[in-house]
Each structure stands twice: as C-alpha cells, then as structure tokens.
Amino acid sequence: MSSVEIKVKRLNSKDAQFKQTLLSSLSLPMADDEAIDLAVLKILAEVKAKGDEAVLSFTKQFDRLGVSTVAELEISSKELEQAYQGLSAEQKNALDIAAQRVRSYHERQKIEAGCHSWEYQESDGTRLGQKVTALDRVGIYVPGGKAAYPSSVLMNAIPAKVAGVSEVIMVVPTPDGARNSLVLAAAYLSGVDRVFTIGGAQAVGALAYGTKTIPSVDKIVGPGNAYVAAAKRRVFGTVGIDMIAGPSEILVLCDGASNPDWVAMDLFSQAEHDELAQSILLCPDAQFIEKVQASINRLLPEMPRKKVIEASLANRALLIQVQDMEEACEIANAIAAEHLEICAAEPRKWAELIRHAGAIFIGNYTSEALGDYCAGPNHVLPTARTARFSSPLGVYDFIKRSSMIEVSEAGAQTLGAVASTLAHGEGLQAHARAAEMRLKK
C-alpha cells in the first residue's frame, strides 16, 4: 500500500504561546462571511417579497431543475413509501434499526428531560405549574449538495414527532434532479409530512416566511452550508432555530494505549465532511502521536474522499502533546468540541472531568461514526465551541413551556401586598393598584 506525506500541525501544551496558538487554530477564516451574508440578505428579501416566484427562480438557478411551478418540487407521500420499499434488504434493515434506536432514545429523553406538564397547590389554594405543548409546525433542512444524509432526516424528524409536532416539513436540495432514495425512505420512516426539493437560503426563507405553496413554520432545524447558516441567523426571531451549525469537529483524548489506526480513521471520519472540518488529538504520549501520524500517511491513500480529508488535515487538524490526561481534559473543556472521543484504559474516569462537549464517546470501541448513524442520541450537535452553553438537538427543542398561575382569594391577599410594595418601588402605580383592588382591606 502506498503512503503520502502529510504533516499535521503539532502543538505542545508546554509551549509558551500554546493557548494563543490553540485559540487561533480553532478560529475559522472569516474572509467570505460578509459576501455570503449580503447574498443571503438579497435571497431572503426576494423570497419574502415574491414567494413562489423567487423560490422557483433560485431553484432553477442553483439546482438546475426544469420545473414551472413550486408544486412540482413537492415529493408525494406515495413516492416516499416507494423509495423505502425499493431499498435493498440490507439498506432497509439498517435504516429500520437506526430509526428504532433514535426513536427509543428520544422517547426516553421526553420522560427524563422535563418535557411534561406539571403543577402543585400551595396551602392557601394557589396553584402554580407549567404547561408543556409541542410546536405546531417545524421545518427540517437536510443537506443534499456534496453528499446525501438520510441520518440527518432521522435525527431531525424523529425527535420532532416524538415531541408531538403536528406537521414536519422537510426541504432538501436535489441538484440536477438527483433524488437520493435513502433520504426519501428516511423521511417516510420518520413520519415527515411534506417534502420539497429546494435548498439553500431560499429554502430557509420559504420556511420562515411561507409562500403560496410552502407553509411557514414555527422553527427551522438541521445543518447546511454557510449560506443556510447565514439564512437561519437572519430569520431567527421570525421563527425559532436550533443552532448555527459550523464545520464538523472531532476531538480525541487518548492515553497512548489505543490502536493508532483506529484513532487516525476517527480523525478522518470528520475530516471527510469538508475542507473546513477540524480533527484534533490530545495525547501525553509523544511516541503514540508519531504512530498516529504514520497511520494517517499510510491510510489516507485508500480513502475515496482523500482530497477533502487531506485538505482538512493539512489546514485545520492538530496533534497536541499534553503533560497528562488531567491536562488533556482541561484543554478539551476549553475547546468544547462537537464530538469528543475518550480512547483510554479508564475512559469513564476522564469522562467525569469533561464539562463541555456536544457528545462524549466513551471507550475504544465507541467510534464517533456510531453516534452519527445508529447509537440513538442525536447527532445534531453544537459546534465552534458553543458546547460551552448549548446542547444536542432533542425533544426539548420541539416543545415550549407556558407558566400556569391560578391564585386563590387567600393567596391574593398575601401576594397582592408583596406586589403592591414592589410595584410602587418601581414607579408602576397601575401594577400596584391592580394588585391592591383584590385586597380585602
């Protein structure tokens, strides 16, 4: 087997400028952001003003589809079922198992994550609580450019349906009319209600503002390219969004006792997404880092997406030598990666020290790829260090909470006096009077 010479950037936590170098290595190039934002702003304005006409125009321009109406861009439920029935037995079985595991996990999450209504009664008869209701209509964006992602359909649509969302609208670009059977089959299995073959900022705009053919939604979820991310940022407030997804990331914590080929391939698994994806290894063993570098050079030539992987590794990957695993965990918390693998003899010991990560993969046999497809937890995860304050997509993203307050006559006497005092203190006399009017004295 031939090998290549690709030198992944090395860092050492002992270096004087380590923190600054690490932070700068985590940052993405910003050169194109302004141009993308301006282009997206124009597209959204067109869709908002012209509806179907703009969606049709942009779809013809970007996806080269020869249709005359937006209605022709909708895939019928019968076609979705036919796509599922037309799969090979192996594909159908894999999709069935993945869907079942994702559904089971999110049904458990609904029970455990406080996604239910509740209330309690105080001694004076006042009742307080929370009413939980699902969103009425959700839009899910499924990428369809460089690759097709049936797993993305499962991860976005199933938790929405488990939450009780009445209608799920899916949009997926189909450049040159190429429809992926696995994607359509996944939509069928997930219970997606309507599917439109549109993508890009125009799809986000159509879901946010609504057109004659495409209904407006309450929230838009799902990953996409830089134009989709910019569009989601722009429409937030008109609709809810899950997060602004950046390039994929993987961080591997390794004590040096793992298989270097496994680690190298796990780094590849995110690098193959696109050239801006980031793969990082934290390890205290310098010799093991050398072995991983050798594995990278030996295994890369056999990868079908080797050009994408090579660009990603050359431009954004890091092999970082740390003093010990405690420091590795400290640095991992600062990075707050989307995917965090712990490949070590005592993985749970180190998992206890992790506070910030989108998903934590524990042990040598838990490859990140299993989480992407069929483990059960959601693969829509916070990127670009937002795992410091964000969570994976879940059932809780498709519900909302209303506070329930029912004050008894006796309770109004106590609470009214408190509210009156505080309202006068804020200079809001009408607030105070509204509370005082219900007092017996």
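Number of residues in the range 197-207 that are under 11 Å from Tyr141 (Cβ atoms) and touching a Leu at 6+ places or on another chain (Cβ under 9 Å) equals 3. For the range 419-441, a tally of residues being among the acidic types (Asp, Glu) and buried (at least 16 other Cβ atoms within 10 Å of the Cβ) returns 1.
Can you find a residue that is assigned to a helix (DSSP H, G or I), surrounded by 12 or more Cβ atoms within 10 Å (Cβ to Cβ) and free of Cβ contacts under 8 Å to residues at least 24 places away in the same chain anywhere in the range 402-418? Within the range 402-418, one or more residues are assigned to a helix (DSSP H, G or I), surrounded by 12 or more Cβ atoms within 10 Å (Cβ to Cβ) and free of Cβ contacts under 8 Å to residues at least 24 places away in the same chain. Close Cβ contacts (under 7 Å, 6 or more residues apart or on different chains) running from residues in the range 107-135 that are assigned by TED's automatic domain parsing to the domain that holds Pro159 to residues that are basic (Lys, Arg) comprise Ser117/Lys131; Glu119/Arg127; Gln121/Arg127; Gln130/Arg401; Val132/Arg401; Thr133/Lys400; Leu135/Lys219; Leu135/Lys400. Within the range 258-291, being of a type in the set (A, V, I, L, M, F, W, C) and either in contact with a Cys (Cβ under 8 Å, 6 or more places away or on another chain) or within 29 Å of Val204 (Cα to Cα) (or both) holds for Trp262, Val263, Ala271, Leu276, Ala277, Leu281, Leu282, Cys283, Phe288, Ile289. Residues in the range 317-350 that are buried (at least 22 other Cβ atoms within 10 Å of the Cβ), in a helix (DSSP H, G or I) and within 21 Å of the chain's Cα centre (by Cα): Ala332, Ile335. Under the condition of being of a type in the set (A, V, I, L, M) and loosely packed, with under 15 Cβ neighbours inside 10 Å, the residues counted in the range 1-27 number 4. Counting only residues that are hydrophobic (A, V, I, L, M, F, W, C) and either modelled with pLDDT of 95 or more or in a helix (DSSP H, G or I) (or both), the range 171-180 holds 2 of them. If you go through the range 139-148 one residue at a time, do you hit one that is among the charged types (D, E, K, R) and modelled with pLDDT of 95 or more? Checked the range 139-148: no residue is among the charged types (D, E, K, R) and modelled with pLDDT of 95 or more.
Can you find even one residue in the range 172-183 that is out of contact with any Phe, Trp or Tyr (no Cβ under 7 Å at 6 or more places or on another chain) and closer than 18 Å to Arg101 by Cβ? For the range 172-183, residues out of contact with any Phe, Trp or Tyr (no Cβ under 7 Å at 6 or more places or on another chain) and closer than 18 Å to Arg101 by Cβ: present.
Where in the range 181-275 are there helices (runs of 4 or more DSSP H), lying fully within it, with 2 or more residues that are buried (at least 19 other Cβ atoms within 10 Å of the Cβ), in the same structural domain as Asn297 (by TED's automatic domain parsing) and among the hydrophobic types (A, V, I, L, M, F, W, C)?
Per the criteria, 260-271.
Which residues, taken from the range 378-401, are surrounded by fewer than 21 Cβ atoms within 10 Å (Cβ to Cβ) and in a loop (DSSP other than H, G, I, E, B)? Listed by number, the residues that qualify are Ala384, Arg385, Phe389, Ser390, Ser391.
State whether one or more residues within the range 237-253 are over 20 Å from the mean Cα position of the chain (by Cα) and in contact (Cβ under 8 Å) with a residue 12 or more places away in the chain. Within the range 237-253 (the criterion being over 20 Å from the mean Cα position of the chain (by Cα) and in contact (Cβ under 8 Å) with a residue 12 or more places away in the chain), the answer is yes, since at least one residue qualifies. Selection over the range 291-316 of residues that are touching a Ser or Thr at 6+ places or on another chain (Cβ under 6 Å) and surrounded by 15 or more Cβ atoms within 10 Å (Cβ to Cβ) gives a count of 2.
For the criterion of being assigned by TED's automatic domain parsing to the domain that holds Thr383, farther than 20 Å from Ala230 by Cα and free of Cβ contacts under 8 Å to residues at least 40 places away in the same chain, Ser24 passes.
The values are calculated or read from the model by the stated rules, or taken from the named source; none is laboratory data. Here the structure is a predicted model, which is why all the values come from computation and not from measurement. Counting neighbours? That spans all protein chains shown, and the Cβs are built from the backbone with ideal geometry, glycine included.
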